[in-house]
Amino acid sequence: MQIESIEVFPGRRPMKAVLTLPRGPSRTLDEGKRVALVKITDRDGHVGWGEAGPSRRWSAETLESCVSSIRSYLAPALLGHDLFDIAGLHEKMNRELASGLDPGQPIAKCALDVAVHDLIGKRLGISVQSWLGAKRADSVTLARLVSAATPDEAARITREACAEGYVGFKVKVGHHKALDAEIVRAVVEAADGGYVWADANQGCTLEEALRLSRSFERLGITLFEQPVPMSDVYAMKKLLSASGLTIALDEAAMGLPFVIELIRREAVEGLAIKVSKVGGLHYARQMCDLALNAGLALIGSGLMDAPLGFAASVHLFAAYGIALPVDLNGPQFIAEDYLAEPLPIVRQVARVPAGPGLGVVIDEAKVARFALELHLQGTACAA
């Protein structure tokens with residue numbers, strides 16, 4: 001069955017709070033969470049939905065680049081393509097926007113990949129998880145993202161999160177370096193035995209990462225996510241050899257070629273999997289399979305995903321049985337969504353949505369209500 005049309009709907013979702021990274025705030029409250037929803041319709045009239053939700057201070061993509069990439073290059077290349085040829089779909093996208101160490105505009109490509117997976121599931125009457133061919137779990141436990149300027153603030157956030165049912169806590173470090181160890185200590189003490197790990201988003205030098213890792217080990221921390229720049233393979237390898245922590249890569253784990261090279265160099269022990277950063281579910285499942293076969297730890301993560309990206313990640317992480325709390329923090333930060341029914345989350349456990357495809361229903365009136373006009377050429381593609 002062939003793709004008949006592809007529509008793109010850029011929009012802005014209101015936010016509850018701002019996330020701060022070592023490079024600064026990921027966005028402002030006025031900016032909001034900016035996403036581009038993609039609607040793919042096949043020649044029988046079946047519909048699938050995906051989304052591109054870039055974070056401009058985390059990666060190189062913006063809402064504008066995602067929308068223009070999809071409308072001007074990717075969508076025209078995919079019209080008439082066989083839905084069930086997902087590998088061929090990615091080959092066509094990669095010819096239009098070349099891949100390198102990452103898949104080349106992966107967040108834009110992810111929107112189309114997820115929409116096709118959603119459409120296939122709906123046509124077959126099965127969930128995306130069933131299409132992935134694994135049912136190791138039917139839910140994932142969510143982690144609370146803690147980004148705080150002081151230990152007292154970190155402790156308060158953690159105590160409030162415990163009362164909300166959280167049992168996992170990912171602590172942002174690298175932007176208040178003199179206080180990082182004490183901030184993590186405050187979270188550990190307030191977490192009531194919950195699982196705690198730190199994420200530096202490449203914000204540390206090797207020396208800083210070594211010093212922090214020693215402090216974290218004394219606190220009983222076992223996982224440190226992307227301490228050093230993604231290009232510094234020497235620092236990754238040195239840190240692994242000097243620390244008892246599992247060093248997991250996030251920004252460095254965007255594309256399979258680079259991850260394979262890091263495995264060859266014995267510079268990686270764990271991978272943080274984000275569906276959006278690798279170009280969609282097609283490559284994310286390959287990354288998960290590679291990690292499991294190489295004996296690497298699998299960590300579930302996201303990019304402050306709105307509901308479509310969130311649901312796609314839950315399907316994948318449950319399929320692969322990721323047991324550690326996963327950093328899918330969209331519900332923590334995004335104030336309003338575009339769904340007809342809420343996501344199935346109870347006491348910070350997200351269940352795989354029931355129903356075919358992604359298992360979520362889009363309210364197109366809500367999509368229209370939060371639409372953004374970007375003044376870019378083209379609004380839709382049709383065969």
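The values are calculated or read from the model by the stated rules, or taken from the named source; none is laboratory data. Computed from a predicted structure; not experimentally measured. Each accessible area value is taken on the protein alone, full model and side chains, heavy atoms only, with ligands, DNA and RNA left out. Shrake-Rupley method; radii C 1.70, N 1.55, O 1.52, S 1.80 Å.
See the values below:
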read-out	value
Amide H contacts under 5 Å for LEU223, placed H, 5+ residues apart	ALA198, THR246
Global geometry of region 114-257, whether rounded, prolate or oblate, following the gyration tensor of its Cα atoms and the 1.5 cut on a/c	oblate
Of all accessible heavy-atom area on region 160-314, the percent that carbon and sulfur account for (1.4 Å)	50
Distant-in-sequence amide H partners of ALA297 (H built 1.01 Å from N, under 5 Å)	GLY270, LEU271
Per residue accessible area of region 266-383, 1.4 Å probe, in Å²	38
Convex hull volume per residue for region 207-269, taking Cα atoms only, in Å³	67
Karplus-derived HN-Hα couplings along region 170-187 (A = 6.51, B = -1.76, C = 1.60, θ = phi - 60°), whole Hz, x at Gly and Pro	9, 9, 6, 10, x, 10, 10, 4, 5, 10, 3, 4, 6, 5, 5, 4, 4, 5
In Hz, Karplus ³J(HN,Hα) per residue of region 286-291 (6.51, -1.76, 1.60; θ = phi - 60°; x = Gly, Pro)	5, 5, 5, 4, 4, 4
Per-selection Kirkwood Rh - the chain (Cα, Å, 1 d.p.)	20.8
Surface per residue (accessible, 1.4 Å probe) for region 1-155, Å²	36
Percent of Cα-Cα distances greater than 23 Å, calculated over region 1-139	40
Cross-link pairs beyond the 28 Å C-alpha cut-off, checked among LYS122/LYS274; LYS16/LYS177; LYS16/LYS237; LYS33/LYS172	LYS16/LYS237
Overall Cα dimensions of region 138-198, principal axis frame, Å, largest first	40, 19, 15
5 angstrom amide H check on VAL146, placed H, neighbours 5+ away	LYS170, VAL171, LYS172
Rounded to the nearest 10 Å², the accessible area of LYS177 at probe 1.4 Å	100
Where only C-alpha atoms are counted, convex hull volume of region 19-95 per residue in Å³	116
Order of exposure, largest accessible area first, which applies to LEU29, LEU119 with probe 1.4 Å	LEU29, LEU119
MET236, MET1, ranked by accessible area, largest first (probe 1.4 Å)	MET1, MET236
Share of carbon and sulfur in the accessible heavy-atom surface of region 67-107 [1.4 Å probe, %]	47
List TYR338, TYR73, TYR195, ordered by accessible area with a 1.4 Å probe, largest first	TYR73, TYR195, TYR338
